[in-house]
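First comes the structure, then the notes that go with it.
The values are calculated or read from the model by the stated rules, or taken from the named source; none is laboratory data. Only a predicted model underlies this, so the values are computations on that prediction, with no experimental measurement involved. When we count neighbours, we look across all protein chains shown, and the Cβ atoms used for this are built from the backbone with ideal geometry, even at glycine.
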Amino acid sequence: MSQARAALHSAPHVGLHRHDRRRPKAYPAAAARHALSASVSTGGGHCNPSGRVARRTRCYATAVDEARQAPRAAVLGIGTANPANCVPQNEYADWYFRVTKSDHLAKLKAKMKRICHNSGIKKRYFHHTTDTFRDHPEIVDRALPSLDARQAILAPAVPEIAAAAAAKAIAAWGRPASDVTHLVLATYSGAHMPGADLRLASLLGLRRSTQRTMFYLGGCAAGSAALRVARDVAENNPGARVLAVCAELSLVLFRAPRVADPGTLVMQALFGDGASAVVVGAGPEGSGGVECPMFEIMSASQTVIPGSEDAAAGHLGEGGLAFCPSPRMPNLVRQHVEECLLDAVSPLGLGGGWNDLFWAVHPGGPAILDGVEAELALAPGKLAASRRVLTEYGNMSGASMIFVLDELWRRHRQEMDGRLGVMLGLGPGISVETMVLRSMSGTEKK
């Protein structure tokens, strides 16, 4: 047993109760934390005839109590969407080499078929089709600039698929779109001013006063990061209902094969297109409410694996987004995943072993999932939701994370009710996004 795992097993079971379903009055968590910080920064502990120490002690106790009572954010609705073009993985290599006019690269094509066979993927969905490359031959010619052509295609497509996922999340939430107070949208697929968030708000019929935030080029961690920001907004703005969306279309990544760049084959064999969305809120809804929380967000944190800056890097240029993860990435994740997890869960006093939890791990590829499973000594089936999403959709970058959460909810909600779990996002940096979640029945009103 590693030292990190031993520390987990010996961690005290305090401060976190699996069936704690209190719904206290709304209170901005940031205010409590600020008061707590202020009380600590003033010093204290020495005899003070003026009574300032006593006042600070009372302030400290009040801040701690209010911070504990602040309602946690919860996922109130989930939605996912994919484009119509579905390509079976066992046909992808033939299709890819045909549309890129590269059938003469027989050895590369054979290698691509082996990668596809070992990918764990059954099918993927794409916005682009054969017609896309017939109409825009510059996209498959590495000698020609193609960013403008890609951007022109993606500008309307990103908000449209984002709206498809968001509409499902809003329907699952049960309240009208006009009740959304904040919108967070993440994508690596193009960049425009105004951003895709403005068009998305219009497509959904959100109020003009809806507060919008755009994330670009967050990669595979973008969906987790958007959910983390949504949680922070919800917990610090009483009554807020935040729509967080991640929409990823891999046309920006599409590149023709080249003998001198075999890493491109891995990218083309793994990535697919999709969008996912969640509605997040904290605090009571009020009388006559329809909200039924699905996952309570107990904590959210981000950290970076040291020495990993070049392990997942990309560059947006005239030929699109050139991105190829280093072969070091799976091993780096495996070496540091338990340390990152302990940093995230230890403040909660969470202990008892990783197999006591349910798991939502970003399905970046079979090597990533195998490494996490082995390092944490997870029981067979613990990563079933992540593996199923990889099998059915491929790696949809940031959008994949909410697909996994949706898979857990649809297939395992009864057995998970009241249990704790971990949501683990991985992206460029290597950034590790960790959330501790509590599954809820979906019938418990806020």
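Considering only region 126-142, I want to know if a residue exists there that is assigned by TED's automatic domain parsing to the domain that holds A269 and touching a strand residue (DSSP E or B) at 6+ places or on another chain (Cβ under 6 Å). So that I can check it myself, show each step before the final result.
From region 126-142, those assigned by TED's automatic domain parsing to the domain that holds A269 are 126-142; that's our starting set.
Filter again for touching a strand residue (DSSP E or B) at 6+ places or on another chain (Cβ under 6 Å), leaving 126, 129.
Within region 126-142, one or more residues are assigned by TED's automatic domain parsing to the domain that holds A269 and touching a strand residue (DSSP E or B) at 6+ places or on another chain (Cβ under 6 Å).
Looking at H315, H336, H362, just one residue is of a type outside the set (S, T, N, Q), closer than 25 Å to A226 by Cβ, outside the structural domain of R255 (by TED's automatic domain parsing) and touching a Gly at 6+ places or on another chain (Cβ under 9 Å), and that residue is H362. You will find that of V436, V404, the residue that is assigned to a helix (DSSP H, G or I), in contact (Cβ under 8 Å) with a residue 12 or more places away in the chain and not charged (D, E, K, R) is V404 and no other.
A Cβ distance below 6 Å, combined with a sequence gap of six or more or placement on separate chains, defines the contacts here; from region 368-381, residues that are in the same structural domain as N355 (by TED's automatic domain parsing) reach residues that are of a type in the set (G, A, S) in the pairs L369/S386.
With the condition kept exactly as written, say whether any residue in region 390-397 is more than 16 Å from the chain's Cα centre (by Cα), surrounded by fewer than 17 Cβ atoms within 10 Å (Cβ to Cβ), closer than 29 Å to K123 by Cβ and among the hydroxyl-bearing types (S, T, Y). Scanning region 390-397 turns up at least one residue that is more than 16 Å from the chain's Cα centre (by Cα), surrounded by fewer than 17 Cβ atoms within 10 Å (Cβ to Cβ), closer than 29 Å to K123 by Cβ and among the hydroxyl-bearing types (S, T, Y). Please go through region 287-308 and pick out each residue that is buried (at least 20 other Cβ atoms within 10 Å of the Cβ), hydrophobic (A, V, I, L, M, F, W, C) and more than 19 Å from D232 (Cα to Cα). If the condition is that a residue be buried (at least 20 other Cβ atoms within 10 Å of the Cβ), hydrophobic (A, V, I, L, M, F, W, C) and more than 19 Å from D232 (Cα to Cα), then I305 is the only one that fits.
For region 407-432, a residue qualifies if it is without any contact (Cβ under 8 Å) to a residue 12 or more places away in the chain and among the acidic types (D, E), and exactly one does: E415. If you go through region 120-176 and keep only what is over 19 Å from Y393 (Cβ atoms), touching a residue at least 40 places away in the same chain (Cβ under 8 Å) and among the charged types (D, E, K, R), you end up with D141, R142, R150, R175.
Could you tell me which of the residues G317, G281, G381, G364 is within 22 Å of the chain's Cα centre (by Cα) and closer than 30 Å to T129 by Cβ?
Details: G317 fails: within 22 Å of the chain's Cα centre (by Cα); G281 fails: closer than 30 Å to T129 by Cβ; G381 fails: closer than 30 Å to T129 by Cβ.
Just a single option satisfies the conditions, and that option is G364.
For residues that are buried (at least 18 other Cβ atoms within 10 Å of the Cβ) and either among the charged types (D, E, K, R) or within 20 Å of V259 (Cβ to Cβ) (or both), scanning just region 116-132, find the one that is farthest from the chain's Cα centre (by Cα). The qualifying residue farthest from the chain's Cα centre (by Cα) is C116.
Every test in (1) surrounded by fewer than 20 Cβ atoms within 10 Å (Cβ to Cβ); (2) in contact (Cβ under 8 Å) with a residue 24 or more places away in the chain; (3) not hydroxyl-bearing (S, T, Y) is passed by V345 save one, and that test is (1).
Identify the residue in region 98-115 that is within 30 Å of the chain's Cα centre (by Cα) and charged (D, E, K, R) and, among all such residues, is surrounded by the fewest Cβ atoms within 10 Å (Cβ to Cβ).
Kept after step one, since they are within 30 Å of the chain's Cα centre (by Cα), are these residues of region 98-115: 112-115.
Then drop every residue that is not charged (D, E, K, R), which leaves 113-114.
On the way: K113: 18, R114: 12.
Ranking the candidates gives R114 first.
Checking each residue in region 167-177 for being in contact with a Leu (Cβ under 6 Å, 6 or more places away or on another chain) and of a type in the set (A, V, I, L, M) picks out only A177.
Scanning region 341-380 for residues that are at pLDDT 90 or above, out of contact with any Phe, Trp or Tyr (no Cβ under 8 Å at 6 or more places or on another chain), in a loop (DSSP other than H, G, I, E, B) and of a type in the set (A, V, I, L, M, F, W, C) gives L357, A379. When G272, G263, G239 are checked against the criterion of being modelled with pLDDT under 95, within 30 Å of A167 (Cα to Cα) and either assigned by TED's automatic domain parsing to the domain that holds L203 or touching a helix residue (DSSP H, G or I) at 6+ places or on another chain (Cβ under 6 Å) (or both), a single residue qualifies: G239.
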